[in-house]
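*Asks:* Before I ask anything, here is the structure I am working with.
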Amino acid sequence: MLNTLSENDWSKIDRFASRIDQEHNLHEKAFFFQHEGKRLFGILHRPLNISDGQRKIGIVMCQPYLVEPLITQRLEIDIARSLAQNGFSVFRFHYRGCGDSEGDFKDTTLSSQISDTAMAIKVFTEQEDLDSIGLLGIRLGGPVALMAAEVEKRIEFVVLCEPIIEPKSCFLDLFRTAKFSAVVRQEKIISTEQMIQHLMTHGMVTVLGYPLYKEIFVETASFNLMQSAKYFSGKTLLIQVSGLSIKVTKAFRDLGNQIQKNGGSCDITLIHERRLAWNFILHPPFRSEKIVQTILQWCKKLIVCPANKVII
């Protein structure tokens, strides 16, 4: 088992707040932790009580990027609380430069998010007495989670919810959405090529009111999640969220096949949601009981069926 941090040792954690919900078997702590000179914000969701003999499983959540955390925040909270109420310990946190964490958003890259996730895993496992630990990533948090699992050998399972296979394609979609938004608002239309040129020349371009920086755009220009997933060999739940498609995409099938090639297992689930949060120009908050229950039921199997992992 992994070591736990006693209540007296919480003095090592910077400024924490706590709440207990007896009715829902839930204990939550919010605090800051240090990493590479920055204070990162985290929230620990843990069950007040678990059944005798139940495996103690922990999950670190990796959030999306740019505008999407604002869209999926309620979904992330719903997932975390649902898992905690059913015996799982869950740790949510904000990357450097994002949310309530310190730092400049310009410094938030794919590499920095993976590094921050590794520190979140360390902090989490120092505080919780766990038998098993996994990662859960939504959208760009999917690549972050899987890449962190590539190097963190203690990770036994990952849950990837509508992961972005190629970040560059996602950024190009944002550029196209920005053009459509300009048409609707009767504003000046800037072409995708012009936005990219401005980004490369000035180091930043504003997309739908949010800054996209050259650093992450260049870093992810040739990144492909399927091609980069070379070593992780644990259990994987891959969730495709679609409003129209009735088939799993080839990209998701290829990713699942790659994980199996590594020696792992991959369950792929297609969830139909008529309202796709990340495609909306106005970006309303997004909640989905289908996603919450799919993740919860899959994770419950880990309690009675240990995650087998082959370390390469």
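The values are calculated or read from the model by the stated rules, or taken from the named source; none is laboratory data. Predicted, not measured: the structure shown is a model, and the values here were computed from it. Quick reminder, even Gly has a Cβ in these numbers, built from the backbone with ideal geometry, and neighbours come from all protein chains shown.
*Asks:* Which residues, counting only those in the stretch 253-264, are without any contact (Cβ under 8 Å) to a residue 40 or more places away in the chain and either under 19 Å from ALA149 (Cβ atoms) or within 18 Å of the chain's Cα centre (by Cα) (or both)? Before you say what the answer is, go through the steps one by one.
*Replies:* Step one: filter the stretch 253-264 for residues without any contact (Cβ under 8 Å) to a residue 40 or more places away in the chain, giving 253-254, 256-261.
ASP254, GLY256, ASN257, GLN258, ILE259, GLN260, LYS261 - these are the residues of the stretch 253-264 that are without any contact (Cβ under 8 Å) to a residue 40 or more places away in the chain and either under 19 Å from ALA149 (Cβ atoms) or within 18 Å of the chain's Cα centre (by Cα) (or both).
*Asks:* Keeping to the stretch 173-183, report how many residues are in contact (Cβ under 8 Å) with a residue 24 or more places away in the chain and touching a Ser or Thr at 6+ places or on another chain (Cβ under 9 Å). Write out each step before concluding.
*Replies:* Let us first name the residues in the stretch 173-183 that are in contact (Cβ under 8 Å) with a residue 24 or more places away in the chain, namely 174-175, 177-178, 180-181.
Right, trim to touching a Ser or Thr at 6+ places or on another chain (Cβ under 9 Å) and you get 175, 178.
Residues flagged as in contact (Cβ under 8 Å) with a residue 24 or more places away in the chain and touching a Ser or Thr at 6+ places or on another chain (Cβ under 9 Å) within the stretch 173-183 amount to 2.
*Asks:* Is at least one residue of the stretch 109-116 among the hydroxyl-bearing types (Ser, Thr, Tyr), free of Cβ contacts under 8 Å to residues at least 24 places away in the same chain and buried (at least 20 other Cβ atoms within 10 Å of the Cβ)? Steps first, please.
*Replies:* The first filter runs over the stretch 109-116 and keeps only residues among the hydroxyl-bearing types (Ser, Thr, Tyr), leaving 109, 111-112, 115.
Narrowing further to those that are free of Cβ contacts under 8 Å to residues at least 24 places away in the same chain: 112.
From what is left, the residues that are buried (at least 20 other Cβ atoms within 10 Å of the Cβ) are 112.
Checking the stretch 109-116: at least one residue is among the hydroxyl-bearing types (Ser, Thr, Tyr), free of Cβ contacts under 8 Å to residues at least 24 places away in the same chain and buried (at least 20 other Cβ atoms within 10 Å of the Cβ).
*Asks:* Looking at the stretch 86-97, which of the residues that are in a loop (DSSP other than H, G, I, E, B) and either out of contact with any helix residue (DSSP H, G or I) (no Cβ under 7 Å at 6 or more places or on another chain) or of a type in the set (Gly, Ala, Ser) (or both) is farthest from THR125 (Cα to Cα)? Steps first, please.
*Replies:* Initial filter on the stretch 86-97 (in a loop (DSSP other than H, G, I, E, B)): 86-88, 94-97.
So of that shortlist, the ones also either out of contact with any helix residue (DSSP H, G or I) (no Cβ under 7 Å at 6 or more places or on another chain) or of a type in the set (Gly, Ala, Ser) (or both) come out as 87, 94, 97.
Working: GLY87: 16, HIS94: 17, GLY97: 23 Å.
So the residue we want is GLY97.
*Asks:* Tell me which residues, restricted to the stretch 159-172, are touching a residue at least 24 places away in the same chain (Cβ under 8 Å) and either part of a helix (DSSP H, G or I) or out of contact with any helix residue (DSSP H, G or I) (no Cβ under 9 Å at 6 or more places or on another chain) (or both). Before you say what the answer is, go through the steps one by one.
*Replies:* Initial filter on the stretch 159-172 (touching a residue at least 24 places away in the same chain (Cβ under 8 Å)): 159-168, 170-171.
Those that are touching a residue at least 24 places away in the same chain (Cβ under 8 Å) and either part of a helix (DSSP H, G or I) or out of contact with any helix residue (DSSP H, G or I) (no Cβ under 9 Å at 6 or more places or on another chain) (or both): PRO167, LYS168, CYS170, PHE171.
*Asks:* For residues in the stretch 236-260 being in a helix (DSSP H, G or I) and of a type outside the set (A, V, I, L, M), which is farthest from ASN224 (Cα to Cα)?
*Replies:* Looking only at the stretch 236-260, we keep the residues that are in a helix (DSSP H, G or I), and these are 250-260.
From the residues that got through so far, the ones that are of a type outside the set (A, V, I, L, M) too are 250, 252-254, 256-258, 260.
Working: LYS250: 14, PHE252: 12, ARG253: 14, ASP254: 11, GLY256: 14, ASN257: 14, GLN258: 12, GLN260: 17 Å.
Filtering first and then ranking leaves GLN260.
*Asks:* Here is a further query. Restricting the stretch 29-77 to residues that are of a type in the set (Asp, Glu) and either assigned by TED's automatic domain parsing to the domain that holds TYR213 or surrounded by fewer than 19 Cβ atoms within 10 Å (Cβ to Cβ) (or both), which is nearest to GLU289 (Cα to Cα)? Write out each step before concluding.
*Replies:* Just the residues of the stretch 29-77 that are of a type in the set (Asp, Glu), to begin with: 36, 52, 68, 76.
From the residues that got through so far, the ones that are either assigned by TED's automatic domain parsing to the domain that holds TYR213 or surrounded by fewer than 19 Cβ atoms within 10 Å (Cβ to Cβ) (or both) too are 36, 52.
Details: GLU36: 37, ASP52: 28 Å.
Restricting to residues being of a type in the set (Asp, Glu) and either assigned by TED's automatic domain parsing to the domain that holds TYR213 or surrounded by fewer than 19 Cβ atoms within 10 Å (Cβ to Cβ) (or both), the top hit is ASP52.
*Asks:* Can you tell me which of LYS153, LYS168, LYS188 is farther than 28 Å from SER228 by Cα and charged (D, E, K, R)?
*Replies:* The unique qualifying residue is LYS188.
*Asks:* Considering each of GLU150, GLU156, GLU162, GLU128 in turn, give the residue that is charged (D, E, K, R) and closer than 15 Å to GLN240 by Cβ. Before the answer, list the steps.
*Replies:* On the way: GLU150 fails: closer than 15 Å to GLN240 by Cβ; GLU156 fails: closer than 15 Å to GLN240 by Cβ; GLU128 fails: closer than 15 Å to GLN240 by Cβ.
Of the residues listed, the single one that is charged (D, E, K, R) and closer than 15 Å to GLN240 by Cβ is GLU162.
*Asks:* Kindly indicate whether PHE175 is touching a helix residue (DSSP H, G or I) at 6+ places or on another chain (Cβ under 7 Å), crowded, with 20+ Cβ neighbours inside 10 Å, among the aromatic types (Phe, Trp, Tyr) and not assigned by TED's automatic domain parsing to the domain that holds ARG287.
*Replies:* Working: touching a helix residue (DSSP H, G or I) at 6+ places or on another chain (Cβ under 7 Å): yes; crowded, with 20+ Cβ neighbours inside 10 Å: yes; among the aromatic types (Phe, Trp, Tyr): yes; not assigned by TED's automatic domain parsing to the domain that holds ARG287: yes.
Here the answer is yes, as PHE175 does meet what is asked.
*Asks:* To continue, here is another question. Just a yes or no: is a residue in the stretch 172-186 among the hydroxyl-bearing types (Ser, Thr, Tyr), at pLDDT 90 or above and more than 22 Å from HIS45 (Cβ to Cβ)? First the steps, then the outcome.
*Replies:* Keep residues of the stretch 172-186 that are among the hydroxyl-bearing types (Ser, Thr, Tyr), which gives 177, 181.
Now drop any that are not at pLDDT 90 or above, which leaves none.
There is no residue in the stretch 172-186 that is among the hydroxyl-bearing types (Ser, Thr, Tyr), at pLDDT 90 or above and more than 22 Å from HIS45 (Cβ to Cβ).
*Asks:* Go through the stretch 221-251 and report how many residues are without any contact (Cβ under 8 Å) to a residue 40 or more places away in the chain and under 20 Å from the mean Cα position of the chain (by Cα).
*Replies:* Of the residues in that region, 2 qualify.
*Asks:* Have a look at GLU150, GLU187, GLU215, GLU156 and point out the one that is surrounded by 15 or more Cβ atoms within 10 Å (Cβ to Cβ), of a type in the set (D, E, K, R) and not in a helix (DSSP H, G or I).
*Replies:* Details: GLU150 fails: not in a helix (DSSP H, G or I); GLU187 fails: surrounded by 15 or more Cβ atoms within 10 Å (Cβ to Cβ); GLU215 fails: not in a helix (DSSP H, G or I).
Testing whether each residue is surrounded by 15 or more Cβ atoms within 10 Å (Cβ to Cβ), of a type in the set (D, E, K, R) and not in a helix (DSSP H, G or I) leaves just GLU156.
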